[in-house]
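The values are calculated or read from the model by the stated rules, or taken from the named source; none is laboratory data. All values derive from a computational prediction rather than experimental measurement. Here the Cβ positions follow ideal geometry from the backbone for every residue, glycine too, while neighbour counts run over all protein chains shown. Each accessible area value is taken on the protein alone, full model and side chains, heavy atoms only, with ligands, DNA and RNA left out. Shrake-Rupley method; radii C 1.70, N 1.55, O 1.52, S 1.80 Å.
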Amino acid sequence: QVQLVESGGGLVQPGGSLRLSCAASGSGLRFSGMGWYRQAAGKQREFVADIARDGRTYYADSVKGRFAISGDNAKNAVYLQMNSLKPEDTAVYYCKAVSGGSGYWGQGTQVTVSS
């Protein structure tokens, strides 16, 4: 049984920063990649960023230059440093991990950008 637990969400003013963390638990874990998605109220879930096991990273155009993803294979963890936050970044952020063709999701953490 794989469990992903996110943390680090909260309320921040425009221009501020937050760092999200996601840790996976379960035996024999080896993920080919981990990443972040987000879902704003009334909208579909969208890709934000991901990182492959070899360290390659990918970003949505909307967050390039502002967000940075990093990972720790030994800890089965992934992080998202979010800088220069905008109100349109407000959403529930979900962690995703991929292993053997299966995707696993966390429960989500709320990020609200508002003055």
Return the carbon/sulfur percentage of the accessible area of the chain, one whole number, probe 1.4 Å, all protein chains in place. 45
Provide the per residue accessible area, probe 1.4 Å, for the chain, rounded to a whole number of square angstrom. 54
So, for the Cα atoms of region 45-103, Rg and Dmax in Å stand at 12.1, 36
Excluding residues on the same chain fewer than 8 positions from K96, give the aspartates and glutamates whose Cα lies under 16 Å from its Cα. E6, E46, D50, D72
GNM, the chain, Cα, under 10 Å: largest mean-square fluctuation among A23, A41, A77? A41
Neighbourhood charge, 13 Å Cβ-Cβ cut-off, centred on V98 and excluding it, Lys, Arg +1 and Asp, Glu -1: +2
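Over the chain, what is the relative contact order in percent, taking alpha-carbon pairs closer than 8 angstrom and at least six residues apart?
The normalised contact order for the chain reaches 37 percent.
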Cα convex hull volume per residue for the chain, in Å³, equals 94
Students often get this wrong: which residues of region 13-28 have the backbone nitrogen under 13 Å from the point 7 angstrom along Cα-to-C-beta of Q81? 17-20
Comparing G65, G101, G15 in a Gaussian network model of the chain (Cα, 10 Å), the one with the largest mean-square fluctuation is G101
Quote the charge dipole size of the chain about the Cα centre in Debye, to the nearest 20; the model charges only the Cβ of Lys and Arg (+1) and of Asp and Glu (-1). 80
